[in-house]
Amino acid sequence: MACAIAAVAATVAIGQNSSKKGTSKVEQRPYGTMPDGAPIEMYTLSNANGMRAEIITYGGAVVSLTAPDKAGKYEDVVYGMENIAGYTGDPKPPFFGALIGRYGNRIGHGQFTLEGKTYNLLKNDGDNTLHGGPEGFDKRVWKGRPLNGKEQAVELTYTAKDGEEGFPGNLTARVVYTLTDKNELKIEYTATTDKPTVVNLTNHSYFNLACDGTILDHQVTINADRFTPVDKGLIPTGELRPVKGTPFDFTKPTRIGARINDKDEQLEYGRGYDHNWVLNRTGAGSIKAAEVYEPKSGRVMEVWTTEPGLQFYTGNFLDGTIHGKGGKVYPHRGAFCMETQHYPDSPNHPSFPSTELKPGQTYRTTTIYRFSAR
């Protein structure tokens with residue numbers, strides 16, 4: 001992935017705040033149309049330091065995100081496509097930058113029982129339902145609007161109909177992306193429903209802090225003493241297994257490539273890391289879930305979240321066939337994902353933290369990706 005800042009043309013400035021370092025602003029521009037003619041918009045958030053995030057209403061996807069290296073240079077650190085056709089055409093990219101719902105990660109056998117009723121979901125991952133089904137939130141057109149305030153933000157909303165992809169209840173989701181002057185991309189999620197349902201929202205950005213090559217030399221720390229092992233279909237067995245003495249121990253900074261090819265059943269099932277870590281949480285509120293350091297550029301990404309779990313994925317299913325921004329080929333293990341979440345298949349594991357949402361309740365969760373360099 002070439003380190004570059006995507007060009008923005010024909011933008012309309014929505015609001016801006018001046019500072020000594022630069023201008024904080026939100027810009028909006030057309031990003032093309034869906035096959036059915038529905039218009040897609042792009043919102044560009046810029047902070048006072050020169051950091052930028054580009055977000056589209058198709059799937060609520062983060063198309064580009066710049067972060068500083070140790071020389072202070074801001075460059076694009078996420079995978080994305082060149083235009084709307086790149087997202088909607090075949091083959092479709094694997095959730096690049098998208099908002100994931102109604103249920104992030106996998107639900108085993110595409111089925112769960114809630115309050116005595118069994119729901120059969122649409123399957124899109126063998127016998128399982130992955131990331132909300134074949135037409136999940138990542139493939140829906142969200143409604144966007146800029147939010148005026150001290151910081152640069154855009155609000156995206158989408159209402160999933162009762163029965164959509166097999167899930168019960170009309171679920172209204174609201175996501176606010178904020179680019180702070182602390183070089184944070186903050187993502188705030190809320191949702192309400194008119195029938196008992198399950199919900200597990202996340203963002204599926206693919207990161208490469210070096211902007212090119214593989215991510216095997218990135219050093220990762222995850223604040224978790226346990227993870228949820230899976231079966232061959234990548235469905236949790238229900239066990240919370242200690243990471244100590246396994247390739248899943250990232251309690252201290254460790255190269256992604258250090259143990260990714262070890263002879264380990266769990267690594268074989270995932271073709272690398274594609275597992276949920278049980279975060280070391282002692283109460284409510286935001287905690288530091290992970291940190292990633294890329295030695296060459298000096299870039300650091302911290303992940304803070306109110307969620308109980310973190311899915312760490314190392315681009316194992318990327319195969320070099322996808323051409324992204326600028327025609328760049330996205331190689332095997334060329335990016336990693338850190339998806340904050342409740343555990344996979346929670347509706348079928350009563351011992352896991354519940355993902356049920358009832359009428360009158362509001363689902364709330366916040367995740368922050370914070371960038372710096374050293």
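The values are calculated or read from the model by the stated rules, or taken from the named source; none is laboratory data. The structure displayed is predicted, hence computed values, not measured ones. Heads up, the Cβs are rebuilt from the backbone with ideal geometry, glycines too, and the neighbour counts pull from every protein chain shown. These area figures cover heavy atoms from the full protein model, side chains too; ligands, DNA and RNA do not enter into them. Shrake-Rupley method; radii C 1.70, N 1.55, O 1.52, S 1.80 Å.
Screening Asp212, Asp249, Asp231, Asp225 for residues that are open to solvent by 40 Å² or more (accessible area, probe 1.4 Å) and touching a strand residue (DSSP E or B) at 6+ places or on another chain (Cβ under 9 Å) leaves exactly one candidate, Asp225.
For the range 216-229, a residue qualifies if it is in a loop (DSSP other than H, G, I, E, B) and among the hydrophobic types (A, V, I, L, M, F, W, C), and exactly one does: Leu216. Inside the range 180-205, residues that are closer than 22 Å to Gln341 by Cβ and within 21 Å of the chain's Cα centre (by Cα) make up a count of 17. The lone criterion from (1) at pLDDT 95 or above; (2) touching a helix residue (DSSP H, G or I) at 6+ places or on another chain (Cβ under 9 Å) left unmet by His323 is number (1).
All told, Glu75 falls short of being open to solvent by less than 10 Å² (accessible area, probe 1.4 Å) and assigned to a strand (DSSP E or B). Restricting attention to the range 137-168, the residues that are on the phi > 0 side of the Ramachandran plot, touching a residue at least 24 places away in the same chain (Cβ under 8 Å) and open to solvent by 40 Å² or more (accessible area, probe 1.4 Å) total 0.
Do the conditions hold for Thr282, that is, is it open to solvent by 30 Å² or more (accessible area, probe 1.4 Å) and free of Cβ contacts under 8 Å to residues at least 24 places away in the same chain?
Yes.
Does the range 292-305 contain at least one residue that is in a loop (DSSP other than H, G, I, E, B), surrounded by 15 or more Cβ atoms within 10 Å (Cβ to Cβ) and either touching a strand residue (DSSP E or B) at 6+ places or on another chain (Cβ under 6 Å) or modelled with pLDDT under 95 (or both)? Checked against the condition, which is being in a loop (DSSP other than H, G, I, E, B), surrounded by 15 or more Cβ atoms within 10 Å (Cβ to Cβ) and either touching a strand residue (DSSP E or B) at 6+ places or on another chain (Cβ under 6 Å) or modelled with pLDDT under 95 (or both), the range 292-305 yields at least one hit.
Taking only the range 107-123 into account, find how many residues are part of a loop (DSSP other than H, G, I, E, B) and crowded, with 17+ Cβ neighbours inside 10 Å. Result for the range 107-123: 2. Between Lys232, Lys263, Lys244, which is assigned to a loop (DSSP other than H, G, I, E, B), under 30 Å from Asn348 (Cβ atoms) and without any contact (Cβ under 8 Å) to a residue 12 or more places away in the chain? So the residue among Lys232, Lys263, Lys244 that is assigned to a loop (DSSP other than H, G, I, E, B), under 30 Å from Asn348 (Cβ atoms) and without any contact (Cβ under 8 Å) to a residue 12 or more places away in the chain is Lys263.
Only one of the listed residues (Pro347, Pro353) is in a helix (DSSP H, G or I), farther than 20 Å from Gly270 by Cα, of a type outside the set (Asp, Glu) and out of contact with any Cys (no Cβ under 7 Å at 6 or more places or on another chain). That residue is Pro347. Which residue pairs have Cβ atoms under 6 Å apart, sit 6 or more places apart or on different chains, and have a first residue in the range 357-372 that is closer than 30 Å to Ala210 by Cβ and in contact (Cβ under 8 Å) with a residue 40 or more places away in the chain and a second that is in a strand (DSSP E or B) and among the charged types (D, E, K, R)? Between residues of the range 357-372 that are closer than 30 Å to Ala210 by Cβ and in contact (Cβ under 8 Å) with a residue 40 or more places away in the chain and residues that are in a strand (DSSP E or B) and among the charged types (D, E, K, R), the close pairs are Thr366/Glu188; Ile368/Glu184; Ile368/Lys186; Arg370/Glu184; Arg370/Glu302. Filtering the range 10-45 to residues that are at pLDDT 95 or above, open to solvent by less than 10 Å² (accessible area, probe 1.4 Å) and either within 22 Å of Ser372 (Cα to Cα) or part of a loop (DSSP other than H, G, I, E, B) (or both) leaves Thr44, Leu45.
Restricting the range 304-347 to residues that are among the acidic types (Asp, Glu) and in contact (Cβ under 8 Å) with a residue 40 or more places away in the chain, which is nearest to Ala61 (Cα to Cα)? The extreme case among them is Glu339.
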